[in-house]
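The values are calculated or read from the model by the stated rules, or taken from the named source; none is laboratory data. What you are looking at is a predicted structure, and each value in this text was computed from that prediction instead of being measured. Neighbour counts are summed over all protein chains in view; Cβ atoms, including those assigned to glycine, are modelled from backbone coordinates with ideal geometry. Accessible surface areas use protein heavy atoms only, side chains included; no ligands, DNA or RNA. Shrake-Rupley method; radii C 1.70, N 1.55, O 1.52, S 1.80 Å.
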Amino acid sequence: MNRTFNDGAANTPKPDFSPEVMERLFYWTRDYVSNLLAHTGTSEAFSLGEIGASPVLGAFVSFKKRGRLRSCMGYMHEGVALATALESAAVSATTRDPRFPPISSEEIDELELEVWVLGSMHEIKERGVSRRDVIKIGRDGIQIEGRGRRGLLLPSVPVELNWNVDEFLDGICDKAGLARGSWADDDVSLFAFEGTSFKKPFVWNASKNPELTKLITERQNDVSKTSNETRSASRPSFSLSSSLLHWQAPQASNLASRQDDWSQAVRKPAVAGMFYPGTAAEQKALLDQFDSTNSVEPDATRQKQNVSGALVPHAGWIYSGRLAAKTLSQIEEQDTVFVLAPKHRREGANFSVAPYGYWDFSSGKVQSNLEFVEGLVSAVPSFQKDPAAHRSEHSIEVQLPLIVRYFPKAKVVGVLIGSSSKNELTEIADQLANFLTKWEDEGNVKPLILISSDMNHYASDESTRVIDKIATDALETTDPESLFDAVMQNGITMCGVMPAFLALSALKRRGEFNSAIRVGYATSGDTSGDLERVVGYAGYLFK
């Protein structure tokens with residue numbers, strides 16, 4: 001999110017839009033999202049006309065499903081045109097919320113859409129606990145900044161959760177990853193803003209979007225047919241939304257404790273057909289294209305490297321797949337690939353080890369190394385076998401076809417890592433390093449440590465390249481703490497900084513992180529052409 005201020009004063013007043021105007025913005029957003037889902041381009045159902053040029057602080061678009069948050073993203077910049085902010089927020093909420101899979105057409109009947117227009121942001125000048133006295137529940141949203149972290153909550157959040165002011169302020173600290181009570185500290189800045197919203201069930205306009213209606217009908221028929229044919233544990237293909245699995249996930253944590261034998265269990269694909277192609281032919285064609293443009297040599301002459309680990313991005317293949325392929329294609333054959341990736345959702349344990357015997361990636365399966373898994377959870381007490389976090393997570397799944405492509409004999413172990421402290425991760429790194437040493441001492445081949453992470457999120461292309469260079473320069477010092485501190489102190493939204501710090505710290509203890517070889521860097525703007533809000537991607541090999 002971009003934001004500018006003038007000495008802390010509110011540059012853009014609170015939007016004074018009537019309910020009729022807000023309803024019009026709602027329907028424009030609804031039709032815009034409908035066309036995104038049907039891949040028919042932008043909405044022309046409603047012209048925003050002069051109101052689209054109105055200067056605002058920003059806009060947010062939020063989806064809820066059965067009363068629970070499904071996606072919420074926004075765009076903020078003082079004085080931005082309403083149409084620009086609303087369009088950007090709609091695209092981001094539909095396709096880019098890193099906490100959830102993209103919105104899918106077959107679930108929109110169950111969604112509630114809310115549109116927010118924001119203004120009147122100003123810094124709270126009061127100090128200490130006096131800050132609470134100027135916050136009014138129901139009127140104010142809050143943004144907090146400090147210690148390299150930032151978080152924002154809309155005015156509706158404390159109302160929906162029945163929070164008082166102190167709970168609201170502690171909630172914004174939680175959102176930013178700061179300690180509760182930090183909102184009163186002098187090195188933390190607090191901003192208040194106001195907004196106007198409109199919400200109601202999505203209910204797309206079938207007459208204005210026959211393409212979406214046809215698509216939904218086809219997918220609903222696919223789901224019904226597949227459900228009738230396979231009412232067992234098998235998951236239908238792309239026609240069953242990964243988000244449906246997401247909402248079933250809260251019960252999965254208990255399942256791990258009740259199931260002793262996971263050897264034949266399969267982790268079903270959740271984002272095939274969205275983050276990467278959904279069929280074998282499409283996957284092969286795109287990987288062939290990546291290899292062609294990456295100038296990968298035939299196997300007989302290709303120069304492979306013996307490395308201890310690698311960093312690869314996990315966005316949709318259209319944006320980052322080429323760089324991920326280029327990185328993995330340079331590594332020699334592997335026996336086991338141990339993937340450490342960020343946990344984008346709340347479900348599951350904070351350190352969730354995939355217990356499955358197999359990983360399905362739509363066009364095939366790859367086996368897990370369950371012997372490695374058992375040893376891992378025994379050696380690292382914080383690591384728990386838990387399918388809940390993995391059920392809808394994309395950060396490991398998008399790597400599976402690439403792993404099979406370049407390491408066809410390898411087995412895969414996956415761990416999702418949530419938010420943690422440097423001290424906790426350091427302790428776990430010691431335990432992990434000891435386990436890896438014991439694993440090799442028992443005659444096993446050491447695994448490839450694969451860190452799955454994107455770099456900074458949603459700044460301009462120019463800013464992202466500057467920000468990411470701070471992180472990559474720290475990474476190239478081969479000091480894991482330098483990377484962790486650079487990311488935290490500079491507010492770099494590298495989603496995989498926790499798994500990166502853990503993995504590289506363990507490798508460092510084993511004497512296997514003495515160089516960081518840069519394979520490449522890119523941003524989503526290189527593909528999309530949108531240079532206003534991009535995500536950065538880096539590929540590295542570690543020795």
Net length gained if the chain between residue 261 and residue 305 were fully extended (0.36 nm per residue, minus Cα distance): 12.2 nm
Accessible-area composition of segment 420-461, carbon plus sulfur, in percent [1.4 Å probe]: 43
Translational D in µm²/s for segment 400-543 (Stokes-Einstein at 25 °C, 0.890 mPa s, Kirkwood Rh from C-alpha pairs): 151
FRET efficiency for residue 174 and residue 293, using Cβ-Cβ distance with R0 set to 51 Å, rounded to 0.05: 0.75
Prolate/oblate/rounded call for segment 115-170, Cα gyration tensor, a/c under 1.5 rounded: rounded
Relative packing of peptides 461-470, 13-22 - highest average C-beta neighbours within 10 Å first: 461-470, 13-22
Lysine pair number, Cα distance threshold 30 Å (strictly under), segment 87-212, separation 8 or more or different chains: 9
Within the accessible area of segment 294-374 (1.4 Å probe), percent carbon and sulfur: 43
Net charge over other residues, Cβ less than 15 angstrom from the Cβ of residue 341 (K, R count +1; D, E count -1): 0
Flagged links, alpha-carbon separation over 28 Å, of 343/446; 385/446; 65/326; 284/469: 65/326; 284/469
Length released on extending from residue 162 to residue 203, taking residue separation times 0.36 nm less the Cα-Cα span: 12.0 nm
Whichever aspartates and glutamates have a C-alpha closer than 18 Å to that of residue 543, once near sequence neighbours (fewer than 8 apart) are set aside: 332, 333, 335, 440, 473, 476, 479, 481, 512
Residue-normalised accessible area of segment 21-174, expressed per residue, 1.4 Å probe, Å²: 37
Check: segment 456-535 dipole with +1 on Lys, Arg Cβ and -1 on Asp, Glu Cβ, in debye: 340
Heavy-atom accessible area per residue - segment 417-507, 1.4 Å, Å²: 37
Separation in nanometres of the label points that stand 7 Å from Cα toward Cβ, at residue 421 and residue 126: 3.0
Calculated FRET efficiency for the pair residue 517/residue 437, C-beta based, R₀ 25 Å, to 0.05: 0.60
Charge sum, other residues only, whose C-beta stays under 14 Å from residue 523's C-beta, Lys/Arg counted +1 and Asp/Glu -1: -2
